[in-house]
Structure formats: C-alpha cells, structure tokens
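Everything below concerns the one structure shown next.
No value in this document is a laboratory result; all are computed from the given coordinates. The model shown is predicted, which means the values in this text are computed figures rather than measured ones. Glycine gets a Cβ as well: all are built from the backbone with ideal geometry, and neighbour counts include every protein chain shown.
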Amino acid sequence: MSVSARLAELGIELPAVAAPVAAYVPAVVHAGLVHTSGQLPFTAGALPATGKLGAEITAEDAKGYARTCALNALAAAADAAGGVDRIAGVLRVGGFVASVPEFSGQPGVINGASEVLGEIFGDAGRHARAAVGVPVLPLDSPVEVEVTFILA
C-alpha cells in the first residue's frame, strides 16, 4: 500500500509545511535519505501551547504535540522528496522535550511521534530514537521532533 493510501485509510491529512522560524530549510534530501529540521507542533500556523512538561504542560498533551511534530516532519520530507509516496520508511527520530528538571517521562512523550510513524509505515516505520529533556525550545514550544526518512 502506498503511503498516501495509508494516510487516507488512517484519516490523516498532512499539514502544509511549516515556515522555518530561523535561517534553515525544513528538509534536505541526501544520499537516499531525507533529513528534516526540528519540527514544532504547529497547527494552522500556531503553537497549540507553550511551556514545560512538569509545569504548564501535561505528558498526555505533549504526546499529542509530538504526534503533530512527526506529521509536520513527514509533510516537510514529502515536500523535499517530491511527494509522500517517495518516502519508504523511517531511519531515526530525535525528540526534544522542554521540561522541569524533575520530569523524566521524555520517552513516553516522544512515543507520540514514534507511534504515528509506526501506524503510517508499519515495519518500515521502526526506527532508532533519542528522547531528550531540555530546559527550553524555540518559541517556548513544549516539544520538537526531527526525523530522518528513507527514500523509496
């Protein structure tokens, strides 16, 4: 099944590619891979929330934001690759969670990204991953995700 058909089956519509907030491009194609820049959970051009896990943001909400980040990454990769059906799978996910020092649930938050990529790509969505807690992210976003995709 093509990626576009799987997205339709899941009822997922990819968002428009988010405009960069600094001096970079959303994704770069190189040597059979598409590397995305860190994607924030923009929805309709705005962040759904700001703040830190363990303070203003719940882990459950942040997991949803990580899912949105992954879909934003897929949209950026598809745009750079010439279409979503040119993406064959996922190599690596890097997740960053803005959190208070006592919060240690970063892996569960980034599962929001990993799980949706698994739903879309099946076995080809299995990937290496990092889930890192940081003190602050751009625009005070609670979550940021970068993905390396494999080209078909």
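Could you work out how far the C-alpha centroid of region 37-62 sits from that of region 109-152, in angstrom? The distance from the Cα centre of region 37-62 to that of region 109-152 comes to 14 Å. Coupling constants for region 79-91 follow from the phi torsions by the Karplus curve (6.51 cos²θ - 1.76 cosθ + 1.60, θ = phi - 60°), and in residue order they are 4, 5, 8, x, x, 5, 6, 7, 8, 9, x, 10, 9 Hz; glycine and proline get x. Computed on region 5-46, the Cα convex hull volume stands at 95 Å³ per residue. Going by the alpha-carbon gyration tensor, a ≥ b ≥ c the square roots of its eigenvalues, is region 1-80 rounded (a/c under 1.5) or, if a/c is not under 1.5, prolate (a/b greater than b/c) versus oblate? Verdict is oblate for region 1-80. For the chain, the fraction of C-alpha pairs farther apart than 26 angstrom is 19 percent. If a paramagnetic tag sat 7 Å from the Cα of E102 along the Cα-Cβ line, which residues of region 113-152 would have the backbone N under 19 Å from that point? Flagged as within label range: 133-136. Exposed loop sites here are GluC sites (Glu not before Pro) assigned a DSSP state other than H, G, I, E or B and surrounded by at most 16 other beta carbons within 10 Å; excluding them, the longest clear run of the chain is 103-152.
Full extension of the segment from T43 to E9, taken as 0.36 nm per residue of separation minus the current Cα-Cα distance, would add 10.1 nm.
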